[in-house]
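Encoded as structure tokens, the structure appears first; notes follow it.
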């Protein structure tokens with residue numbers, strides 16, 4: 001990739017990470033780009049619609065062309081098209097924040113959500129990323145990946161504690177993955193966000209590769225055995241149905 005092309009991507013990512021946008025100076029300082037070089041890049045990106053600038057504040061924000069690209073990608077993503085009604089169905093039954101996530105390197109990325117207004121709904125929006133090693137959706141996928149792939153993902157991950165409950169020891173993480181393989185449900189209690197528990201199940205493609213997971217998050221204080229059992233049951237049924245649409249068949253189904 002050329003240096004200019006890489007700079008353009010870095011600029012878009014940097015500005016996208018700032019909710020209020022960035023000024024010319026903030027971009028230059030944040031990415032250590034000479035102001036003279038940055039000016040031309042910003043002008044080109046604005047001319048194509050990838051950035052927009054507030055004339056009153058001179059703050060740059062992401063432009064509508066980026067949204068068009070994102071929507072085009074999501075429209076063509078079969079998993080989103082098939083998964084959205086499944087996620088909506090789970091939400092309608094459990095009435096808690098529900099999401100569909102996919103693996104991206106050592107993180108997961110949210111590609112679909114259903115919820116009522118809540119802290120989780122605000123923090124986990126479409127396109128948001130999070131750590132695989134300590135999240136329910138991440139563990140649901142990691143548990144069914146080959147050992148070598150799991151080791152590589154954990155090696156790339158910054159195993160830092162997000163809360164006092166976050167498991168960061170490799171041995172503890174692998175115990176969680178082993179439990180997930182036995183039950184089919186990834187669990188994360190207060191590990192990503194204090195006071196929030198997550199449960200998730202994996203989605204497989206036709207070859208049995210975990211390509212996504214569906215998760216449910218809710219306040220730990222509201223957890224009861226009956227509630228957890230209902231959520232786990234709905235997740236397993238939903239993920240089996242979505243996996244089936246992607247061509248996956250359980251061993252029992254194949255044997256028949």
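Cβ separations smaller than 9 Å between residues 6+ apart or across chains give no pair from the range 154-177 residues that are farther than 12 Å from residue 188 by Cα and in the same structural domain as residue 132 (by TED's automatic domain parsing) to residues that are modelled with pLDDT under 90 and assigned to a helix (DSSP H, G or I). Among the residues of the range 178-195, those that are surrounded by fewer than 22 Cβ atoms within 10 Å (Cβ to Cβ) and over 16 Å from the mean Cα position of the chain (by Cα) comprise 178, 179, 181, 182, 183, 184, 189, 190, 194, 195. If I ask for residues that are surrounded by 15 or more Cβ atoms within 10 Å (Cβ to Cβ), within 15 Å of residue 58 (Cα to Cα) and in contact (Cβ under 8 Å) with a residue 24 or more places away in the chain, which ones from the range 8-22 would you list? Passing the criteria: 15, 21, 22.
Going through the range 17-48 one residue at a time, which ones are under 26 Å from the mean Cα position of the chain (by Cα) and modelled with pLDDT under 90? Across the range 17-48, the qualifying residues are 17, 18, 19, 20.
Within the group 154, 99, 142, which residue is at pLDDT 90 or above and surrounded by fewer than 18 Cβ atoms within 10 Å (Cβ to Cβ)? Show your work before the answer.
Working: 99 fails: surrounded by fewer than 18 Cβ atoms within 10 Å (Cβ to Cβ); 142 fails: surrounded by fewer than 18 Cβ atoms within 10 Å (Cβ to Cβ).
Selected residue: 154, the only one of 154, 99, 142 that is at pLDDT 90 or above and surrounded by fewer than 18 Cβ atoms within 10 Å (Cβ to Cβ).
Annotation: residue 118 fulfils all but one of (1) crowded, with 18+ Cβ neighbours inside 10 Å; (2) closer than 20 Å to residue 231 by Cα; (3) at pLDDT below 90; the unmet one is (1).
Report those strands (runs of 3 or more DSSP E) wholly inside the range 25-109 carrying at least 1 residues which are closer than 17 Å to residue 15 by Cβ and not assigned by TED's automatic domain parsing to the domain that holds residue 220.
On the way: elements: 51-53, 59-62, 97-104.
Here the list reads 51-53, 59-62.
Quickly run through the range 23-33 and pick out the residues that are touching a strand residue (DSSP E or B) at 6+ places or on another chain (Cβ under 9 Å) and either surrounded by fewer than 15 Cβ atoms within 10 Å (Cβ to Cβ) or under 13 Å from residue 51 (Cα atoms) (or both). Lay out the reasoning, then the answer.
Start the filter on the range 23-33 by keeping residues that are touching a strand residue (DSSP E or B) at 6+ places or on another chain (Cβ under 9 Å), which leaves 23-24, 26-27, 30.
Those that are touching a strand residue (DSSP E or B) at 6+ places or on another chain (Cβ under 9 Å) and either surrounded by fewer than 15 Cβ atoms within 10 Å (Cβ to Cβ) or under 13 Å from residue 51 (Cα atoms) (or both): 23, 24, 27.
The values are calculated or read from the model by the stated rules, or taken from the named source; none is laboratory data. Quick caveat: nothing in here was measured; it's all calculated off a predicted structure. Here the Cβ is made from the backbone with ideal geometry for all residues, glycine too, and neighbour counts use every protein chain on show.
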